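Data block below; observations after.
The values are calculated or read from the model by the stated rules, or taken from the named source; none is laboratory data. Keep in mind that what you see is a predicted model, and the values were worked out from it rather than measured. Neighbour counts run over all protein chains shown; Cβ positions are idealised from the backbone, glycine included. These area figures cover heavy atoms from the full protein model, side chains too; ligands, DNA and RNA do not enter into them. Shrake-Rupley method; radii C 1.70, N 1.55, O 1.52, S 1.80 Å.
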Amino acid sequence: MDADDDSSALIEDEIYANGGDDDNRTNHRQIISADQFDIEAYASLYSGRTKISRLLFIAKHCGDNLTMQLEALRMAFDEIKQGEDTSLMREVVNKINGRLGPNYKVDGSWYVTIDKKAELKKEKLETELNSFRTNLIKESIRMGYNDFGDFYYAHGQLTEAVKNYIRTRDYCTTMKHCIQTCMSAILVSIEMGQFPHINSYISKAEQTVEPLDTITIAKLRCAAGLSNLFSRKYKLAARKFIETSPELGSHYNEVISSQDVAMYGGLCALATFDRAELKNKVIDNTVFRNFLELVPEVRELINNFYASRYAVCLEYLGNLKSNLLLDIHLHSHVETLYDLIRQKALIQYTLPFVSVDLNMMANAFKTTAAGLQKELGTLITDNQIQARIDSHNKVMYARHADQRKATFQRVLETGREFDRDLQSMFLRSSIIKYDSSRSRGSRRL
């Protein structure tokens, strides 16, 4: 493998060691196994409906792991039992199907009691709201609709909840009330998976006259990040997560945890940022570093990627994959993000070199030369790598631009631009001279 210069040779040595010598990897952080997934620790990061939603998602997508499925259902049952959502309880009880013993069955009296309490509370809220509307007290009407929104949200009627939250907007008297309306609408929209609606609420919250506090701004950044992630705008999502203040802490655990900010932001940045952006906006970012410290695996794989230790980086990703597939927001994006990260690694590996031995490169990426050739062929076809492959000798040759020819072309173009500018100056000078001579002639007449 031939390098362009001495620095490229150093990179070559690093890559060769990374791919072919296991001894050179003993200094790296030990890679965790995909089986080490603590559901209880994971669930403790969240609260409210998102905790239940995430547990049910794990139970649905954990495959043949019956122990994990029953543990997730058990924790979801315990969490729902503390609330008032009878329809969700019926769903979980049906999924458990008696497999957790008699303690995880619910008799009909519990449903009747909860529904009766809900009916009485609803009647009370309706009476109060009608009284407020009769007296035309805006603040009381706003609070009445907000209480209705909370009531419907607690009982799992999310469509009715968001309707009532939005109705409070017409009765807001302060900027704080407007922000509360937007945040409530964002919360329910995320729960319903209606991410396209979130951006309008974020814009309304950010356009308030009064400055927002740091925690509210951090929440809006997270909501915008989730919206962009849903829309597969990974670069925008990365920027939003990276801009999130570490003061967020656990203040938004009804939607997202600080660990999620590090995971989502780190993976989206790896998939879309170029080398300079990764260094400036992620690795050297002292603010985002606070989040990365919470998830050392993501910090390590970013550092390994930047240091061209691609084999270790991809091994980290491979071991994290099964856990990431259990994430309710990241699940449908894992394959795409992994493909983008791998493509970036392949591209960056080849950049410093005039020629690349495919067998050596395949060793670095833990694949076969034939499989690697197919991947590189796709990237060459997509014009992401400027090169050609010698299939017989398993060597890829870079197509570097002729710097001398390019410089000569730039000089010629600069000369042509100078010539055009000079002609324009002469033309303007002639026009001005002609206009001035005509004006003098007209004054004589």
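Structural remarks
- Farthest toward the positive end of the dipole of the stretch 318-420, out of GLY377, HIS333, THR414, is the Cα of THR414, where the dipole comes from beta carbon charges about the Cα centre.
- Principal-axis tilt of helix 138-154 within the chain, Cα atoms, nearest 10 degrees: 90
- Relative contact order, percent, the stretch 282-374 [alpha-carbon distance under 8 Å, six or more residues apart]: 20
- Remark: the SER250-ASP435 segment gains 59.2 nm on full extension, using 0.36 nm per residue and subtracting the alpha carbon distance.
- Charge tally in the Cβ shell below 12 Å around ARG142, where Lys, Arg are +1 and Asp, Glu are -1, ARG142 excluded: +2
- Using the Cβ-Cβ distance between THR378 and ARG275 with R0 set to 22 Å, the FRET efficiency from 1/(1 + (r/R0)^6) comes to roughly 0.55.
- Simple rule: put +1 on each Lys or Arg Cβ and -1 on each Asp or Glu Cβ in the chain, find the dipole, and look at PHE241, SER430, SER257; the Cα lying farthest toward the positive end is SER430.
- Between MET175 and LYS405, the contour length at 0.36 nm per residue exceeds the Cα-Cα span by 76.6 nm.
- Solvent accessible area, Å² - GLU123, 1.4 Å probe, full protein context: 90
- Packing, taken as the mean count of other beta carbons within 10 Å per residue, orders the peptides 126-137, 56-67 from highest to lowest as 56-67, 126-137.
- Reported label for calculated P(r) over Cα pairs in 10 Å bins from 0, in percent given (1) 4, 19, 28, 25, 16, 7, 2, 0; (2) 4, 21, 32, 26, 12, 4, 0, 0; (3) 4, 16, 21, 19, 15, 10, 8, 5, 2, 1, 0, 0: (3)
- Among the listed pairs LYS51/LYS163; LYS344/LYS394; LYS60/LYS374; LYS204/LYS321; LYS163/LYS281, a Cα-Cα separation exceeding 31 Å is found for LYS60/LYS374; LYS204/LYS321; LYS163/LYS281.
- Fully extending the segment from GLN194 to THR336 would add 49.0 nm, taking 0.36 nm per residue of separation and subtracting the current Cα-Cα distance.
- Shape of the stretch 340-393, Cα gyration tensor, a/c cut at 1.5: rounded
- The shape of the stretch 74-187 comes out prolate: with a ≥ b ≥ c from the C-alpha gyration tensor, a/c is at least 1.5 and a/b beats b/c.
- Shape of the stretch 124-201, Cα gyration tensor, a/c cut at 1.5: oblate
- Share of carbon and sulfur in the accessible heavy-atom surface of the chain [1.4 Å probe, %]: 50
- Mean residue ellipticity at 222 nm, helices only, the chain: -21500 deg cm²/dmol; runs of at least 4 DSSP H residues each add -39,500 (n - 2.57), and the sum is divided by the number of residues.
- Accessible area of HIS155 in the full protein assembly, 1.4 Å probe (Å², nearest 10): 20
- Checking the cross-link pairs LYS219/LYS366; LYS105/LYS233; LYS176/LYS240 against a 32 Å limit on the alpha carbon distance flags LYS219/LYS366; LYS105/LYS233 as lying beyond it.
- For the stretch 104-247, the C-alpha radius of gyration divided by 2.2 N^0.38 Å, with N the number of residues, is 1.23.
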